[in-house]
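Below is one structure, written out as structure tokens, with a few remarks after it.
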Amino acid sequence: MLLSRLQKPAGLSVTLCLYLLALPANVLAESSENTQQTQSSREILLAELAEDESVQDVEQSEPLQGSRTSGKKTTPEIKSIQPEAAPTPNKVAPDIDLKEVAPAPAPEPPAEPGGDKIPDSTATEAPPEEAAPEPEKAEPASDLILLGNEVLPGTSTRLAWSPGIQIAGLSQPTPVLVVNGANTGPTLCLTSTIHGDELNGIEIIRQTLYDLDPAKLSGSVIGIPIVNLSGFQQGSRYLPDRRDLNRYFPGNPNGSLAGRIAHSLFTNIIQHCDMLVDIHTGSLKRTNLPQLRADMNNPAVAEFTRGFDRMAVVHSSGSPGMLRTAATDAGIRAVTMEAGESLRVQEHQIDAGVNSLASLMEKQDMVSRMFVWGNPEPVYYDSTWVRADHGGILFSDVKLGAKVSRGQVLGYVADPITNAQHPIHASSDGRIIGMAVDQVVMAGFAAYHIGTEAKIPGE
Ligand SMILES: [Zn+2]
């Protein structure tokens, strides 16, 4: 038995080797045909891949306005979107201690029109005994109605969101963690992994939510650790149709797959938020210093960014279709938080994110925990990408977070064939707030993101 199991792979690998030996001629012949046939589509793909949100977002950003008037264009369609009618009657969500290990969720029942139900229906628990009110905030909170459930004040629970795009019964609901505080206050939403390969935010949300005591919370916190579940399962940034979900908000119920998912998320959850932090990482082997991307031309957003401890803030007006742009247009104070690189779980970056969200909740009077503020991080309103001018292998001389001066050599692109070394120089004084990890690059690849300190508007 054991032997036959062992022999099988060996036999297979021999076959595979033979097959591979026979391959090159065929492959060469085929690939030269393919090269011509798919040249145009490959160019499109490369163009799409070469410019990620981090780079494009910054380069296409509207300049920071001198005046404090909000230059924000309003998007009329957004206003017309109404939250989908809540299914009635709502059921009381079970009170779950998020710190405790949960049983694995049951498969989702077939979708019912108009609502997402959580599989577990141990729904009607007695309301928890009244939490001791905080001395300074005695105003009790009301129920939070979300995804067809009533989350009672002073309780936390796990809900499920389904955009309803799968075959009925096959879809996997996306977990939504909710903590509804005993006392009244704002609703803070945390989203992560809209790009399925960006992992640090999942852990940032877990640590943040599981550390909250509903009895001591004013307001509520809604966390969606993995928005793009299918991308996450495949280690892909994109949706199954190769679209970037973060270009389709606030969505369209009759649109593409991405548009429908975006619409469902936006109407079912995001429109319940007063504040939104959408957590991302660098893409395409680029890493980011923990930082916020925020439209500093919007006074409410600019003020919002001051609640984050030890975070650089990069002014970026945002691209159409981004969740933070759509949320801001709908009157929600929203920022993107960037931390680290994709496909990795990075403790240092996660700690920075968790710390900063803790400071935010204190700043918004949602928790009181004697938060120790660090030295205020310099705020960057301006940033530029420095690109490689040659193809080759990129080797960096600088580290993430390094202070650099104009003209300084940041790294080299080494041509492995000619042995030429092409230095890359800093275009301005500033700090490396994002950079590519060492890798093979082509000319034009955005390699270093330099943040330039600017003064806070109005000061
Ligand atoms: Zn992202």
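Bear in mind these aren't lab numbers, they're just calculated from the coordinates by the rules spelled out. Because the structure is a prediction, the values reported are computed rather than measured. So basically every Cβ, Gly included, is an ideal-geometry build from the backbone, and we count neighbours across all protein chains shown.
Would you mind calculating the gained length between Thr418 and Glu100 on full extension (0.36 nm times residue separation, minus the Cα-Cα distance), in nm to one decimal? Spell out each step's value before the answer.
Details: separation 318, 0.36 × 318 = 114.48 nm, distance 5.90 nm.
My answer for the length gained is 108.6 nm.
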For region 381-453, give the magnitude of the charge dipole about the Cα centre (Cβ charges: +1 Lys/Arg, -1 Asp/Glu; no others), in debye to the nearest 20.
100
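Need the full-extension length gain, Arg306 to Asp211, defined as separation in residues times 0.36 nm minus the C-alpha distance. One decimal, nm.
On the way: separation 95, 0.36 × 95 = 34.20 nm, distance 2.25 nm.
Gain on extension, Arg306 to Asp211, equals 31.9 nm.
Note down the relative contact order for region 381-453 as a percent, whole number, built from C-alpha pairs under 8 angstrom at least six residues apart.
Numbers: 192 pairs, mean separation 32.3, N = 73.
Computed over region 381-453, the figure is 44 percent.
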Whole-Hz ³J(HN,Hα) from phi, Karplus 6.51 cos²θ - 1.76 cosθ + 1.60, for region 279-293, glycine and proline x:
9, 10, 10, x, 10, 6, 6, 10, 10, 10, 4, x, 7, 9, 10
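Over all directions, how big on average is the projection of the convex hull of the alpha-carbon atoms in region 381-453, in square nanometres?
About 4.1 nm², averaged over all directions.
Take Tyr380, Tyr210, Tyr412, Tyr248 and order them by how many other Cβ atoms sit within 10 Å, fewest up front.
Taking fewest neighbouring Cβ atoms as first place, the list is Tyr210, Tyr412, Tyr380, Tyr248.
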Along the Cα→Cβ direction, 7 angstrom out, place labels at Ser256 and Arg406. What is the inter-label distance in nm?
4.1
Most exposed first, judged by fewest Cβ atoms within 10 angstrom, Tyr448, Tyr381, Tyr238 run Tyr238, Tyr381, Tyr448
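Of His348, His449, His263, His425, how do they rank once you tally other Cβ atoms within 10 Å and put the fewest first?
In increasing order of surrounding Cβ atoms, one gets His348, His425, His263, His449.
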Grab the other residues whose beta carbon is less than 11 angstrom from that of Ser405, score K and R as +1, D and E as -1, and report the net.
+2
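Work out, step by step, the length gained on full extension between Lys91 and Ala454: first 0.36 nm times the residue separation, then minus their alpha carbon distance; give nm to one decimal.
Details: separation 363, 0.36 × 363 = 130.68 nm, distance 5.02 nm.
Once the chain is fully extended between Lys91 and Ala454, it gains 125.7 nm.
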I want to verify the translational diffusion coefficient of region 145-238 in µm²/s; compute it with Stokes-Einstein, Rh as the Kirkwood radius over Cα pairs, at 20 °C and 1.002 mPa s.
154
